[in-house]
Amino acid sequence: MITINKTDPKDGYNLQRENATFMILCRNEDVYDLLETVQYLHDRYNHQYHYDFTFLNDEPFTKDFIYLLSSYIPKGNLNFGSIPKSHWSYPSFIDQQRAMQNRENSGDMPYGDSESYRHMCRFFAGFFYKHPFIRQYQYYWRIEPGIKFYCDVKYDVFKFMRENSKKYSFVLSLFEYRDTLPSLWDYVKDYMKSQDISNQDAQLIDLVQNNNQFESYNLCHFWSNFEIADLAMFDNDRYNDFFNFLDEKGGFFYERWGDAPIHSIAVSLFLSKSDLHWFDDIGYYHSPYLQCPQDSATYLQNRCTCNPDEDFSYSDLSCTSHFLDVISSDNTGSSH
């Protein structure tokens, strides 16, 4: 656990910043992809604010990794943290033989045969917000190595979240592969019954639930490789109870539950419409999907360089139109 403090008390931006960090789960071999992503982030946004970076790894970071990243990031606190073994290993109730068998039978789905991917999804579903480096902040912006930003972001997104009382925001959304979570929705319905959560109580349940006699799962989720959120959304007893209930079912290992569906379902159960925001002006790319502003004035004002025709937001594979309908027209459109 290392923190490199590159903060200058004389800099005026220190008084204006929110209590926030970029959160990046990565490995030492990601360093060159990360350098490019950090450069995009600096040029398009962070040169104005110098928000902290928090890098997390299930293994210790190398000296070269720390040296390179700290050389490229000019200001702010840089946190390099290790994930506790208990947050990146099998819980005692998991039959590891059964988990291995599932991986061997799941090679035809994305990351179906990956053990580390399952640990990563479980970490992001139930533990990232407990890490001491993350817990010291109110807001986080999740970043992944290799992503690109194609537009200038000329306002403080964390300040926007606070001033507008937003708890969770997204850029892209899509459908999950049904084969990765065949039992998840049944367990969610069981949880709702156990907690007496009705459809009326869950104001956003229509984000993820079909309007049919079976109240089936529509597979829609926020693509969680981009999240800007309030840590309090997860770091509370209610969410922890929800995670623990699902965790004990074993689906992270016996199936291939992703953290994105878990987060999205939690949003649908616990938040209200006014808590959500869609950042449609970021110009965000995570292979293979792009969010590119469709409003020409926004595009020009923010010096975007993405191709608007390649925007994923309103494609047949995206859930964004559906999400915006549920959230209501008051929360659509450009941020500024």
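The values are calculated or read from the model by the stated rules, or taken from the named source; none is laboratory data. In this text, all values refer to a predicted model and were calculated from it rather than measured experimentally. Cβ: placed from backbone, ideal geometry, glycine included. Neighbour counts: every protein chain shown.
Quick check, is TYR117 out of contact with any strand residue (DSSP E or B) (no Cβ under 9 Å at 6 or more places or on another chain), among the hydroxyl-bearing types (Ser, Thr, Tyr), surrounded by 13 or more Cβ atoms within 10 Å (Cβ to Cβ) and closer than 30 Å to GLU215 by Cβ?
Judged against the criteria, TYR117 is a match.
Would it be correct to say that LYS249 is touching a Ser or Thr at 6+ places or on another chain (Cβ under 9 Å), over 28 Å from ASN105 (Cβ atoms), of a type in the set (D, E, K, R) and in contact (Cβ under 8 Å) with a residue 60 or more places away in the chain? Steps first, please.
Working: touching a Ser or Thr at 6+ places or on another chain (Cβ under 9 Å): yes; over 28 Å from ASN105 (Cβ atoms): no; of a type in the set (D, E, K, R): yes; in contact (Cβ under 8 Å) with a residue 60 or more places away in the chain: yes.
Against the criterion (touching a Ser or Thr at 6+ places or on another chain (Cβ under 9 Å), over 28 Å from ASN105 (Cβ atoms), of a type in the set (D, E, K, R) and in contact (Cβ under 8 Å) with a residue 60 or more places away in the chain), LYS249 does not qualify.
Only one residue in SER321, SER315, SER287, SER328 is free of Cβ contacts under 8 Å to residues at least 60 places away in the same chain and more than 30 Å from LYS193 (Cα to Cα). Which one?
On the way: SER321 fails: more than 30 Å from LYS193 (Cα to Cα); SER287 fails: free of Cβ contacts under 8 Å to residues at least 60 places away in the same chain; SER328 fails: more than 30 Å from LYS193 (Cα to Cα).
Result: SER315 is the single residue among SER321, SER315, SER287, SER328 that is free of Cβ contacts under 8 Å to residues at least 60 places away in the same chain and more than 30 Å from LYS193 (Cα to Cα).
Hey, does region 261-280 have a residue that's crowded, with 21+ Cβ neighbours inside 10 Å, modelled with pLDDT of 95 or more and touching a Pro at 6+ places or on another chain (Cβ under 9 Å)?
yes
Report, by residue number, each residue of region 204-239 that is part of a loop (DSSP other than H, G, I, E, B) and within 15 Å of the chain's Cα centre (by Cα).
If we filter region 204-239 for residues that are part of a loop (DSSP other than H, G, I, E, B), which is where we start, we get 204, 208, 210-216, 218-219, 223-226, 234-236.
TRP223, SER224, ASN225, PHE226, PHE234, ASP235, listed by residue number.
Find the residue count for region 148-166, including only residues that are buried (at least 20 other Cβ atoms within 10 Å of the Cβ) and in a strand (DSSP E or B).
Count: 1.
Buried (at least 18 other Cβ atoms within 10 Å of the Cβ), touching a Phe, Trp or Tyr at 6+ places or on another chain (Cβ under 9 Å) and closer than 28 Å to ILE265 by Cβ: does that describe PRO145?
On the way: buried (at least 18 other Cβ atoms within 10 Å of the Cβ): yes; touching a Phe, Trp or Tyr at 6+ places or on another chain (Cβ under 9 Å): yes; closer than 28 Å to ILE265 by Cβ: yes.
Considered against the rule, which asks whether it is buried (at least 18 other Cβ atoms within 10 Å of the Cβ), touching a Phe, Trp or Tyr at 6+ places or on another chain (Cβ under 9 Å) and closer than 28 Å to ILE265 by Cβ, PRO145 comes out as yes.
Would you check if ILE94 is touching a residue at least 40 places away in the same chain (Cβ under 8 Å), in contact with a helix residue (DSSP H, G or I) (Cβ under 8 Å, 6 or more places away or on another chain), among the β-branched types (Val, Ile, Thr) and under 27 Å from ILE265 (Cβ atoms)? Outline the logic, then answer.
Numbers: touching a residue at least 40 places away in the same chain (Cβ under 8 Å): yes; in contact with a helix residue (DSSP H, G or I) (Cβ under 8 Å, 6 or more places away or on another chain): yes; among the β-branched types (Val, Ile, Thr): yes; under 27 Å from ILE265 (Cβ atoms): yes.
Answer is yes for this residue.
List the strands (runs of 3 or more DSSP E) that sit entirely inside region 1-66 and contain at least 1 residues that are without any contact (Cβ under 8 Å) to a residue 40 or more places away in the chain and either out of contact with any His (no Cβ under 7 Å at 6 or more places or on another chain) or surrounded by 15 or more Cβ atoms within 10 Å (Cβ to Cβ) (or both).
Details: elements: 2-6, 20-25, 52-57.
Result: 52-57.
Could you look through region 124-134, keep only residues that are under 15 Å from PRO261 (Cβ atoms) and of a type in the set (A, V, I, L, M, F, W, C), and pick out the one that is nearest to the chain's Cα centre (by Cα)? Let's see the steps before the verdict.
Step one: filter region 124-134 for residues under 15 Å from PRO261 (Cβ atoms), giving 124-126.
Still in the running and of a type in the set (A, V, I, L, M, F, W, C): 124-125.
Values: PHE124: 8, ALA125: 10 Å.
The extreme case among them is PHE124.
For every residue, the table says whether it meets (1) of a type in the set (Phe, Trp, Tyr); (2) within 21 Å of ILE228 (Cα to Cα); (3) loosely packed, with under 14 Cβ neighbours inside 10 Å.
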| position | (1), (2), (3) |
| --- | --- |
| PRO74 | no, no, yes |
| SER86 | no, no, yes |
| SER89 | no, no, yes |
| MET100 | no, no, yes |
| PHE124 | yes, yes, no |
| PRO132 | no, yes, yes |
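Would you say ALA229 is surrounded by 19 or more Cβ atoms within 10 Å (Cβ to Cβ), at pLDDT 95 or above and small (Gly, Ala, Ser)? Break it down into steps so the answer makes sense when it comes.
Numbers: surrounded by 19 or more Cβ atoms within 10 Å (Cβ to Cβ): yes; at pLDDT 95 or above: yes; small (Gly, Ala, Ser): yes.
Yes; evaluated as a whole, the condition is true for this residue.
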